[in-house]
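The next block holds one structure in the form of C-alpha cells; read it before the comments.
The values are calculated or read from the model by the stated rules, or taken from the named source; none is laboratory data. Being a predicted model, the structure only gives us computed values, none of them experimental. Positions of Cβ are backbone-derived with ideal geometry, glycine not excepted, and every protein chain shown enters the neighbour counts.
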Amino acid sequence: MSLIVGIISQKGGVGKSTISRALAAEYARNEWEVKIADFDLSQGTVTSWNADRMANDITPRISVEQFSSVDNLAKQKDHYDLIVVDGAPASTRQTLDIAKLSHMLILPTKTTLDDLRPQIKLAHELRKNGVPKEKILFALSMVGDSKSELEGGKEYIEDAGYVYIGAVYRKDSIGQAHDSGRAANETPFKTVNQSVDQFIQAVVDHLQQVSV
Ligand SMILES: Nc1ncnc2c1ncn2[C@@H]1O[C@H](COP(=O)(O)OP(=O)(O)OP(=O)(O)O)[C@@H](O)[C@H]1O
Ligand SMILES: [Mg+2]
C-alpha cells in the first residue's frame with residue numbers, strides 16, 4: 001500500500017507545489033517509487049514542471065499525473081511506495097476527500113496572519129469533519145531571515161493547538177530551480193538545499209512514525 005501525503009491549503013500560493021516537489025525528489029533520490037498527484041487542474045504547476053524536468057533530463061525521474069477525483073487516485077493506492085498529493089487551493093470538498101485518504105497532511109502557510117488564519121480555519125474544519133488532529137502538520141513557507149518572523153508563525157500555529165514541523169525559507173534560487181524543472185532541494189546552492197532537506201527530513205521522520 002502507498003503512503004499518501006496530502007499537501008493542502010485554503011489559500012493559494014502558500015508553497016504546496018514547492019513542498020510536493022521537494023518531498024517527491026527526496027524519496028525518488030532514495031529509490032522509492034513516487035508519484036505526485038496533481039489536483040490543481042487549472043494551473044497544472046507540477047505537471048508543467050515535470051515536463052521541464054524531463055526536457056532538461058534531470059534525475060531522479062518523478063512520475064506526475066493529473067487527477068480530477070480522489071476516487072481515481074484511490075484506485076492507484078497500491079501502485080507506489082509514496083503518493084504526494086498536490087492539492088488545489090479553495091476546493092473544500094476535494095480537500096476533505098484528500099485529507100481522508102491521506103496518512104499525513106501538510107498545511108503550508110506563510111507567516112502573515114492573512115495566511116495563517118485561513119490555514120488554521122481549514123485545520124479546524126477538517127477536524128470537525130472527522131480528520132484526526134495527529135494527521136495534521138503545519139509548515140511555514142517563504143520565511144524571511146528574521147528570527148521573529150519564524151517564531152511568530154510557529155507560536156501562532158502551536159497556540160491554535162497544532163504541530164509545527166518546520167520552515168522553508170524564501171530564496172530566489174528556489175524559484176529559479178523550479179523554472180528549470182528542479183525542486184527546492186536541487187538548487188545550485190548547497191546551503192539552500194541543506195536547509196530545505198532539513199525541513200524535508202522532519203517530514204520524513206513524521207512519515208516513518210505513521211508507517212510503523
Ligand atoms: N521558499 C521559496 N522561495 C522562493 N520562491 C518560492 C518559495 N516557495 C515557493 N516559491 C514560489 O512561490 C510561488 C508559489 O509557490 P507554490 O507554487 O509552491 O504555491 P502553491 O501553494 O502550490 O500555489 P497554488 O495554490 O497557486 O497552487 C511559486 O512561484 C514558487 O516557485
Ligand atoms: Mg500549487
Criterion: within 26 Å of Q194 (Cα to Cα), near ligand 2 (Cβ under 10 Å from one of its atoms) and in contact (Cβ under 8 Å) with a residue 40 or more places away in the chain - qualifying residue of I36, I7: I7
From the options I58, I8, residue that is aliphatic (A, V, I, L, M), touching a Ser or Thr at 6+ places or on another chain (Cβ under 7 Å) and modelled with pLDDT of 95 or more: I8
Subset of the range 18-45 (residues that are within 11 Å of ligand 1 (Cβ to nearest atom), surrounded by 22 or more Cβ atoms within 10 Å (Cβ to Cβ) and of a type outside the set (D, E, K, R)): T18, I19, S20, A22, F39
Subset of the range 135-169 that is touching a residue at least 12 places away in the same chain (Cβ under 8 Å) and of a type in the set (D, E, K, R) - its residue that is farthest from Q10 (Cα to Cα): D145
Would you be able to tell me the number of residues in the range 179-212 that are within 16 Å of ligand 2 (Cβ to nearest atom) and surrounded by fewer than 21 Cβ atoms within 10 Å (Cβ to Cβ)? 2
Looking only at the range 74-98, and only at residues there that are touching a residue at least 60 places away in the same chain (Cβ under 8 Å), surrounded by 14 or more Cβ atoms within 10 Å (Cβ to Cβ) and among the hydrophobic types (A, V, I, L, M, F, W, C), the one that is farthest from L207 (Cα to Cα): I98
